[in-house]
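The values are calculated or read from the model by the stated rules, or taken from the named source; none is laboratory data. Computed from a predicted model, the values in this text were never measured in an experiment. All Cβ positions, glycine included, derive from the backbone under ideal geometry; neighbour counts span all protein chains shown. Note: areas computed on protein heavy atoms with side chains; ligands, DNA, RNA excluded. Shrake-Rupley method; radii C 1.70, N 1.55, O 1.52, S 1.80 Å.
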Amino acid sequence: MWSPQVKEVFKALDAAEEAFVAARIGKEIDLSGTGRGAFLLEEEGRLRDQFLINLRRFAQDDVPPASLSDYQSVDRSLNDAYQHIKQSSDSFWQYGTVKPSGIGDTEGAWLKLRDAWVEFARAAYPGLSADTVRTQITRLRLQQLEALQAR
C-alpha cells in the first residue's frame with residue numbers, strides 16, 4: 001500500500017504518462033494509411049503495457065543498476081538520435097504524417113515523463129537510484145527514436 005505522498009507523486013506520473021502517450025500516438029505514428037487505427041491502438045497498448053512493466057520492474061528492483069556515467073552515455077545516444085532526426089532531409093519525411101516538429105513535441109512530453117518517473121521512484125522506491133531509473137526510461141525512448149529513423 002502506498003503512502004499518501006507516493007499516491008500524490010503517482011498522480012503526477014500518471015498525468016505525464018497520459019500526455020506522452022497522446023503525443024506519441026498523435027505525432028510519431030503514421031496516420032496516413034488505412035491501417036492507421038490499428039497502428040494507433042497497437043502503439044497505445046504497447047506504451048500502456050510498458051508503463052505497467054516499468055512499475056513492476058522498479059518495485060521489484062528488477063532493472064540493471066546504472067551509474068551516472070551509464071546514464072550520460074545513453075542520454076548522449078538519445079540526443080544524437082534526436083539531432084539526426086531534426087537534421088534529416090525533408091524528403092525523408094515527405095510521406096506520412098510523422099514530422100520532426102511532432103517528434104520534438106513528443107520529446108518535450110517525454111522529458112516531463114522521465115522526470116516524473118524519477119520523482120515517483122524517489123518516493124516509492126527509495127533504494128532505487130535516480131540514475132538507474134533515468135537510464136532505463138531513456139533506453140526505452142532511444143529505441144523509439146531509432147525506430148523512427150529506420151522507418
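Anisotropy class assigned to the range 48-110 is oblate, per the alpha carbon gyration tensor with a/c at or over the 1.5 cut-off and a/b no larger than b/c. Note on the chain: with a GNM built from Cα contacts shorter than 10 Å, the maximum mean-square fluctuation among SER91, SER73, SER101 falls on SER91. The sum of -39500 (n - 2.57) across all DSSP H runs of n ≥ 4, divided by the residue count of the chain, sets its helix-only mean residue ellipticity at 222 nm to -26500 deg cm²/dmol.
Computed from backbone phi with θ = phi - 60° and the Karplus coefficients 6.51, -1.76 and 1.60, the 3J(HN,Hα) list for the range 92-108 is 5, 9, 5, 9, x, 9, 7, 9, x, 5, x, 5, x, 4, 5, 4, x Hz; x is used for glycine and proline. Couplings 3J(HN,Hα) of the range 47-64, computed from phi: 5, 5, 4, 5, 4, 5, 4, 4, 4, 5, 5, 5, 4, 8, 6, 9, 10, x Hz, in residue order, whole Hz [Karplus 6.51 cos²θ - 1.76 cosθ + 1.60, θ = phi - 60°; x for Gly and Pro]. Loop-located chymotrypsin sites (Phe, Trp or Tyr not before Pro) in the range 46-123 (DSSP state not H, G, I, E or B) with no more than 16 neighbouring Cβ atoms inside 10 Å: TYR95. Coupling constants for the range 139-145 follow from the phi torsions by the Karplus curve (6.51 cos²θ - 1.76 cosθ + 1.60, θ = phi - 60°), and in residue order they are 4, 5, 5, 4, 4, 5, 5 Hz; glycine and proline get x.
Within the listed set ALA109, ALA15, ALA130, the Gaussian network model of the chain (springs between alpha-carbon atoms below 10 Å) gives the highest mean-square fluctuation for ALA15. Under the rule a/c < 1.5 gives rounded, and otherwise a/b versus b/c splits prolate from oblate, where does the range 1-106 land using the Cα gyration tensor? Since a/c reaches 1.5 but b/c is at least a/b, the shape of the range 1-106 is classed as oblate. Of all accessible surface on the chain at a 1.4 Å probe, what whole percent is carbon and sulfur? Solvent-exposed carbon and sulfur of the chain make up 54 percent of the total. Within the same chain, lysines fewer than 8 places from LYS7 are excluded, and of the rest, those with a Cα less than 26 Å from its Cα are LYS112. The mean accessible area for residues of the range 83-122, using a 1.4 Å probe and ignoring ligands and nucleic acids, is 54 Å² per residue. Listed by chain and number, the aspartates and glutamates whose alpha-carbon sits under 16 Å from that of LYS99, ignoring those within fewer than 8 places in the same chain, are GLU28, ASP30, ASP90, GLU107, GLU146.
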